[in-house]
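K.L.:
Let me give you the structure first, and then I'll get to my questions.
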Amino acid sequence: MSVTDQGLLHRDKDTMTLNMGPQHPSTHGVFRVILEMDGEVVKTAEPEIGYLHTGIEKTSENKRYVHVIPMTDRLDYLNPPGNNLAFCLSTEKLLGVEIPDRANVLRVIMCELSRIASHLVWLGTHALDIGAMTVFLYCWREREMILDLNEEISGVRMMTSYIRIGGVAKDATRPWLDGIRDFIEYLPAKVDEYERLLTKNPIWLDRTEGVGAFTREEAINWSFSGPALRASGVNWDIRKAQPYSGYDNYNFDVPVLNNGDIFDRYRVRVEEMRQSRAIIKQALESLPEGPYKSPDNKVSLPPRETLHTSMEALIHHFKLVSEGISVPVGETYVPIEGARGEVGFYIVSDGTNVPARVKLRAPSFMAIPGMCKMMEGCYIADVVGIIGSIDIVMGEVDR
Amino acid sequence: MTSEEIIEKVKAGLADAIQDTALPQGDAVIFVAPDSWHAVAEFLKNDADLKFDYFSDVRGVDYLLEEREPRFESVYQLYSIDHQHSIRVRVGIGEDNPSVPTVSDLWKGALYPEQELFDMFGINVEGHPTMERLIMPKDWEGFPLRKDYPLTTETVTFSYNRDFKSDLVKSKPPTR
């Protein structure tokens, strides 16, 4: 909506209309918000989205199930394995496939590494928005190590597409496992370092404590999820509440704080990095031997060497490559705990090899109206802090 | 509560409003007509045993190709933070003048996805405060996620690069 459409030029002279975005470094993508200011105080904030709309849901209705997976990477581009997993879990629920234990553990390792990487990007950019330059450089240094690990296992640094229907793309390699072992030994000291820079820093506290606060009831009513909800005192983590991929086998805490302000959201995410590290450590210790994808050849390709000796394997290979997986008629939804909150794909299948409807439940999309509500009554300088603390990713907002 | 208990409870509380129930892969699913959807939503939110206080999502589905009646469906996913159970409500919507009542007065989180429902499927959400385009441009015609909306390339008024390149290839052979 343009400024003239709204008749903003004729409003009373006490307020000023200020346009922020879509090309603004602190909106974390192409997000636009129209602020009505009374002096330095925000009276109303009106969000405007759609600048990054790429029609992924429509495209998915014309692609085979396997071909949708690389597109899910590009939705929430800071946490691609989480999206892969959400899509694969929904499809596997319709197919009724059992996932081998080793594949589940590899999925958990990949998702938790990605959660740490996503939180590192969030912490770096959020701190940079508020004026702490050093943390940004430190966070990028550690994230680079995770991207190198991604490259080792999948060949790609960000859009890994590592999690596939029926298991994972390939088995864990020795350098990858050794690299993760080194990384989780290295990480805790670095997280302490970020905290030393920020948690007791008086400038950081002035900018974050008590700013953008939401109560428990407000946060639930505005459909917040993930760390933003847990900072408002709601103990809800889907990894604990509705465990998937064997998350009930790991021993970890869910950090919950009660103030619901920017500072508490920061502390919840920092603590989540430590908990993710604990999960990865346990997963590495418990990594079982066995197949890394489902032995059901209607879903996953048979081993390459059997193609030369087994007619059945050859037929399965040919059918899977040329036709793809056919999913039984039905509709389903499996929520998972992504880096930003509840992620899930609602899939409707009409029995063919192409999904009839794919809908992403994106935590950033659901949080935007609440986030703009939160801005009302804040100072203009706090707007960037609020946007950063909710951690929106425009790829999954506009889809 | 388990999915079976949820369905029993909803059936006992709202016998005449529930059209049908189902348990696909163990999920609790109920079918509701658009007219009674708001009353059902109030019951689901306020009943002490159910207490679906968290609005997870709403999605539109177009069943044009399956020739199902009614053609559209809006599917609501609700969750209870206290009881840790969920329910899916499927509201069938007819093809002519499709509309469904809003539930954004009960859950504020429904504001955005309901607006998207209008944007993508042209389903009019009655009582919604801002019933206008959300993701698509304000002057966009048609509803992109309907099945009769074709996948085509966008017609552009001016495409400089393509014409330029073809002219270059045809009329100007490379010179030294």
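The values are calculated or read from the model by the stated rules, or taken from the named source; none is laboratory data. Owing to the predicted nature of the structure, the values given are computational and were not obtained by experimental measurement. We place every Cβ from the backbone using ideal geometry, glycine too, and count neighbours over all the protein chains shown. Just so you know, the surface numbers come from the protein's heavy atoms only, side chains and all, with ligands and any DNA or RNA stripped out. Shrake-Rupley method; radii C 1.70, N 1.55, O 1.52, S 1.80 Å.
K.L.:
So which residues in the range A:49-58 are under 19 Å from residue B:111 (Cβ atoms) and open to solvent by 30 Å² or more (accessible area, probe 1.4 Å), if there are any at all?
P.N.:
The answer is A:53, and nothing else.
K.L.:
Just for strands (runs of 3 or more DSSP E) wholly inside the range A:301-399: which have at least 2 residues that are closer than 30 Å to residue A:35 by Cβ and either touching a Cys at 6+ places or on another chain (Cβ under 8 Å) or within 10 Å of chain B (Cβ to nearest Cβ) (or both)?
P.N.:
Ranges flagged: A:357-361.
K.L.:
Residue under question is residue B:26, and the condition is that it be open to solvent by less than 50 Å² (accessible area, probe 1.4 Å) and within 20 Å of residue B:127 (Cβ to Cβ); does it hold?
P.N.:
no
Table: residues versus (1) modelled with pLDDT of 85 or more; (2) within 30 Å of residue B:67 (Cα to Cα); (3) more than 10 Å from every other protein chain (Cβ to nearest Cβ).
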residue	(1), (2), (3)
B:115	yes, yes, no
B:132	yes, yes, no
B:143	yes, yes, yes
B:163	no, no, yes
B:172	no, no, yes
B:175	no, no, yes
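K.L.:
Also: Has the range A:200-213 got any residue that is at pLDDT below 90, more than 20 Å from residue A:387 (Cα to Cα) and of a type in the set (Lys, Arg)?
P.N.:
Yes, that holds for at least one residue.
K.L.:
Next question. Among the residues of the range A:290-309, write down those that are out of contact with any strand residue (DSSP E or B) (no Cβ under 9 Å at 6 or more places or on another chain) and at pLDDT below 90.
P.N.:
Answer for the range A:290-309, where residues must be out of contact with any strand residue (DSSP E or B) (no Cβ under 9 Å at 6 or more places or on another chain) and at pLDDT below 90: A:290, A:295, A:296, A:297, A:298, A:302, A:303, A:304, A:305, A:306, A:307, A:308.
K.L.:
When the range A:135-162 is examined, which residues are found to be open to solvent by less than 40 Å² (accessible area, probe 1.4 Å), among the hydrophobic types (A, V, I, L, M, F, W, C) and closer than 16 Å to residue A:179 by Cβ?
P.N.:
A:146, A:147, A:149, A:153
K.L.:
Looking at (1) within 11 Å of chain A (Cβ to nearest Cβ); (2) under 18 Å from the mean Cα position of the chain (by Cα), which is the one condition that is false for residue B:26?
P.N.:
Failing condition for residue B:26: (2).
K.L.:
Considering only residues that are open to solvent by less than 60 Å² (accessible area, probe 1.4 Å) and in a helix (DSSP H, G or I), which ones fall in the range A:163-187?
P.N.:
Matches in the range A:163-187: A:176, A:177, A:179, A:180, A:183, A:184, A:187.
K.L.:
Say whether the condition of being within 14 Å of chain A (Cβ to nearest Cβ), in contact with a Gly (Cβ under 9 Å, 6 or more places away or on another chain) and at pLDDT 60 or above is met by at least one residue in the range B:149-157.
P.N.:
yes
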